[in-house]
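These notes are about the structure you will find just below.
The values are calculated or read from the model by the stated rules, or taken from the named source; none is laboratory data. If you're wondering where the values come from, they're calculated on a predicted model, not measured in any experiment. Quick reminder, even Gly has a Cβ in these numbers, built from the backbone with ideal geometry, and neighbours come from all protein chains shown. In case anyone asks, the SASA skips ligands and DNA or RNA and just uses the protein heavy atoms, side chains included. Shrake-Rupley method; radii C 1.70, N 1.55, O 1.52, S 1.80 Å.
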Amino acid sequence: EANDEFYTQYDDIAKEVEHYKEHLKGKVVYCNCDIPNFSNFHKYFLDNFKELELKKLIVTGYVKNGNGRCFIYDGEKATDYDLLGDGDFRGDECVDMLQKADVVITNPPFSLFREYITQLIEHGKEFLIVGNQNAITYKEVFSLIHDNKVCLGTKSGDMKFVVPSHYELRNTRSWLDENGVNWRSLGNACWFTSFNIHKN
């Protein structure tokens with residue numbers, strides 16, 4: 001099984017989303033690869049719900065060998081519950097949530113990136129997602145970029161992520177901080193988006 005649990009930093013989310021505020025106003029934002037109350041995507045959009053003028057926030061997360069979690073907030077009422085399935089973004093419950101959303105913003109598993117971005121395009125969803133720059137060379141992604149359906153976000157290159165404690169330390173770009181938290185940095189992480197923010 002691929003080691004692709006990389007938890008995006010709050011600041012990295014804030015710095016990127018800053019450029020898309022006008023596109024999020026009045027929208028239902030769905031974070032479909034995020035454990036509620038743990039993910040920084042969840043924290044960021046909850047903290048900035050009013051400022052971004054979101055209509056609704058939906059967060060679902062995958063739980064291996066268990067029930068996935070779901071969180072929904074509409075600005076007044078928050079609902080938090082277990083899903084029937086494991087919370088995989090490909091599962092029926094998550095696809096149903098996807099259909100109700102306007103914009104998807106998350107850090108999907110890098111190993112499933114092709115399948116992930118294909119699902120978003122098939123459902124006609126706007127998105128802002130973290131990926132590996134190498135994904136540009138995938139024929140599915142390259143053709144989307146070529147057709148101006150996808151472009152790179154504003155921040156690309158070096159990003160650091162918290163990874164699960166059982167991930168082995170690597171020789172480079174890998175460290176434990178003073179609290180024993182396991183970190184990795186990727187020099188080739190970037191944001192992919194359907195929003196064409198570069199052409200004003």
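Here are the numbers for the structure shown:
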| quantity | calculated |
| --- | --- |
| Computed lengthening from Glu18 to Asn65, 0.36 nm per intervening residue step minus Cα-Cα distance | 13.3 nm |
| Rounded to 5, percent antiparallel among DSSP beta bridges of the chain | 75 |
| Positive minus negative residues near Gln99 (Lys, Arg vs Asp, Glu; Cβ under 13 Å) | -3 |
| Extension gain (nm, one decimal) between Asp74 and Glu122, 0.36 nm per residue minus Cα-Cα | 14.7 nm |
| Helix-derived mean residue ellipticity, 222 nm - over the chain, DSSP H n ≥ 4, -39500 (n - 2.57), to 500 | -6000 deg cm²/dmol |
| Burial order of peptide ranges 167-178, 75-86 (average beta-carbon count within 10 Å, highest first) | 75-86, 167-178 |
| Cross-link pairs Lys15/Lys55; Lys125/Lys160; Lys55/Lys100; Lys50/Lys149; Lys15/Lys100; Lys43/Lys125 - those with Cα-Cα distance over 19 Å | Lys15/Lys55; Lys125/Lys160; Lys50/Lys149; Lys15/Lys100; Lys43/Lys125 |
| Projected label distance in nm at Gln9 and Asp86, using a 7 Å step from Cα toward the beta-carbon | 3.1 |
| Share antiparallel - DSSP beta bridges, region 1-75, percent rounded to 5 | 55 |
| Region 107-158 versus region 37-87: alpha-carbon centroid distance in Å | 22 |
| Percent accessible area from carbon and sulfur atoms, region 111-200, protein chains only, probe 1.4 Å | 48 |
| Within region 1-147: Cβ-based charge dipole about Cα centre, in debye rounded to nearest 20 (Lys, Arg +1; Asp, Glu -1) | 220 |
| Accessible surface, the chain, averaged per residue in Å² (probe 1.4 Å) | 52 |
